[in-house]
Structure formats: structure tokens, C-alpha cells
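The structure appears below as C-alpha cells.
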Amino acid sequence: MTYDVIVVGLGAMGSAALYHLARRNVRAVGLERFEPGHERGSSHGRTRIIRHGYFEHPSYVPLVRRAAAMWRELETASGRPLMTVTGIVEIGRPDSILVTGTLAAAREHHLLHQVVTAHELMRRYPAFRLPQDNVAVIQPDGGFVEAEAGIRAHLRLAVAAGADIRTGERVVSIEQHGEQVTVRTERASYDAGSVIVAAGPWTASLFPDLALPIQVTRQVLLWVRPGQPELFRPGWFPVFMIESDHGIHYGFPLQDDGLLKVAKHHHAAEVIDPEHHQRLVGADDETLITGPLFRMLPAAAGPVISAKTCLYTMTPDGDFVIDRLPGRERIVLASPCSGHGFKFAPVIGLALADLALNGRTTVDIRRFRLARFS
């Protein structure tokens, strides 16, 4: 089967790329090993934080702004809500990475924000119990994006615009021969002028000759029934991130099922094989999250009702990879997102479609080039 572009992987980035290709009347197909929105990779878990004051680096802020606008456009096109603005509070000591990085981004890009003491934050949101030396950066435009719903919206619109989707097909090889790329799965062979690879934790296994400097780590997401649910009510309580001596914990307002989603960013340092890892969540996993978090957020303490694992595909510097492969420029590599990429999906999808069709993009992806590793 012959196409203009093949997209390998239909998670956050692949689904967005397929959508942007289909909008341009390009004959495109998306290949997914499992089912879109599956729970074996990095794009599930119902919600993902969107934040503008980006502590990782100020250069992400223009991308966040553009992505937020594109999520709103996707809402209009799909006819369903996908992004909820709750505000966000980012908490830590004044010299913490979270606070200093968020403030650097907010000040450089003139983002609306406020810095308050721990005492003032606890007055506004009694759920918190914070050390007196903590401060909080409050930003009104933070919130969350619907994860699986966002993927489904991109894919439904892509199919409506003419794209094909093949699920349950594991890709076994990707090869470029001259001006053509061949993608072989366990079921079929596909040819195209270019291919976008958005395979997340399986990226390295598709290009064993590249020795890509990426590692896959296991994360854990918990949904708890809080002891004082009224203190986390939607429309009032914000998305939050807290940095302590135990790392960065984060969470969301109460969901419509009465549960609170909480997690630890970079749950553990364990590097795993995405084909063979522990998907069951144990008591030790829960303690890594609830132990420190419930001391700072005692109103959240309650039974764990649901738990899932999620995978981070990490680069050494924590930045993304978005580039054409050297010597094989018709193969475009998307991400890995190092645990903070979902919010960018619409704009990264646009950049990937540009690279596959034109070899260049107006989206600023200079920070994400492969050459930085060589």
C-alpha cells in the first residue's frame, strides 16, 4: 500500500500529526500497535497539566501559548471540551527548581502571575499544609487537557478528512531507499514519501543502529477518594505542583467521579524495558506518592481507588527530540517528550507534518534537534 506519509504511533503526537496531514489533503495512514488511548505507553490517564510559566526553560513558553490556542481550535472543530482552565499553583522554597524556573519563564515572557507566601496560599486553599519557608507562584491561565479525549478528537477529524488508520499492527522495520520509505508491520508493508515516527518508549527499538540516548522509566498515577472532597471542588481548586525534598508531586481538582488524581513527577529512577515491566502498582509505589503528598495536602488523604502506570521516555537533558534522521531525512522522529510533552501535541503535530512534507517548519524546534547529542 502506498501513501504520501505514514505515521507510526497514534498517541498524543502521532494523532495530532495525522490530523494536520489529513487537513492538507495528504494521503496519510496512521499505524498503531495497540489501540489509540491504550494504557501501555505515555498518552493515557485522563488528564494532563497545561502550564505557561514553564520551569524547564523559558523557550517553551511560545510553544505552550500556541498549543493552548490550538487546543481551543480543536475543541471548536470536534464539538467537545478538551481544555479546562483552573489556574495553577507551583509551590516550593524560593530557591527550588520549580519556583525559580517558573518565575524566570513568567518574567521573561511577561506572563500574568502572583507570588504569595505559604501562609497566604493556605488561607486561600485550606487543603494545603506547607512549610513556612515555602512560596507559591499562582498563574490564572494554567489548567488541564483531556488526554484520551484529545487523541480521539484528533483521530476522528483526521479520518473525516480522509486519513486511514490501522490498529493492532506492530511495526518491525522502517527503511529509507532513495526517495521512498518502507514500513513493515507484522501484517503488511507500506510505502510512502516520508514517515513520522511517534512511537514513544518503543522509539529506540525501531532504530537500533542509531544508539539514541533515551531511557524509559516507569511512572505511577493514583486516583484517591479524599477525606475532605469539598476542599478540592472543581471551579475553585487549582491544578498544583509542589517541590519538596521528596521531588515534585502534582495533582488536579476533584473529578466528576469524586476522585482526586495525584502523582510524583519522575516517580522512580528505575529504567525499564517497555516490553517487560511491572504494570501492577504496589504498596511501595503508592507510598512514594501519598507519603510526602498527604503531609503537605492532608485533606487529600483517603483510600486509593485506582492506579495506573505510565512511561516516560527520557533524553539526557530532559528536552524533546523533533528532527529528521541524518542521512535518512524522509524519516521524521517525534519526541521523546521526557514526561512533559502532552500539552504541546497540537503544535508538535503541526511541526511534524511540516517536516514530513516540506523538510522544514515555522515552529521553533531548534532546541530539539538530534545534533545536540553528537
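Any read-out appearing in this document is the output of simple, stated calculations on the displayed coordinates, not a laboratory observation. These figures come from a predicted structure and were not determined experimentally. With ideal geometry, Cβ positions are generated from the backbone for all residues, glycine too; neighbour counts draw on all protein chains shown.
What to note about this one:
- Cut-off 12 Å between beta-carbons: net charge of the residues surrounding GLY258, Lys and Arg +1, Asp and Glu -1: 0
- The label-point distance for THR2 and ARG295, in a model that sets each label 7 Å from Cα toward Cβ, rounds to 6.5 nm.
- Percentage relative contact order, the chain, counting C-alpha pairs under 8 Å, at least six apart: 24
- Among LYS264, LYS343, sorting on how many other beta-carbon atoms sit within 10 Å of each Cβ, with the fewest leading, yields LYS264, LYS343.
- Gained length - GLU275 relative to ARG369, 0.36 nm times residue gap less alpha-carbon distance: 31.1 nm
- Among GLY14, GLY247, GLY79: highest mean-square fluctuation, GNM of the chain, C-alpha pairs under 10 Å: GLY79
- Percent of alpha-carbon pairs separated by more than 19 Å within segment 286-357: 57
- Positive contributions from Lys and Arg (+1) and negative ones from Asp and Glu (-1), summed over other residues with Cβ under 9 Å from the Cβ of TYR3, come out at -2.
- Using a Förster distance of 35 Å, the FRET efficiency for SER306-ASP191 (Cβ separation, nearest 0.05): 0.25
- Segment 171-240: GluC sites (Glu not before Pro) falling in loop per DSSP and having at most 12 other Cβ within 10 Å: GLU179, GLU186
- Counted charge near VAL29, where neighbours are those whose Cβ lies closer than 11 Å (Asp, Glu -1; Lys, Arg +1): -3
- Calculated Cα extents along the principal axes in Å (choose from [x] 73, 41, 40; [y] 91, 46, 43; [z] 64, 44, 43), label: [z]
- Stretch gain in nm, segment ARG124-GLU230, where the contour uses 0.36 nm per residue and the Cα spacing is subtracted: 36.8 nm
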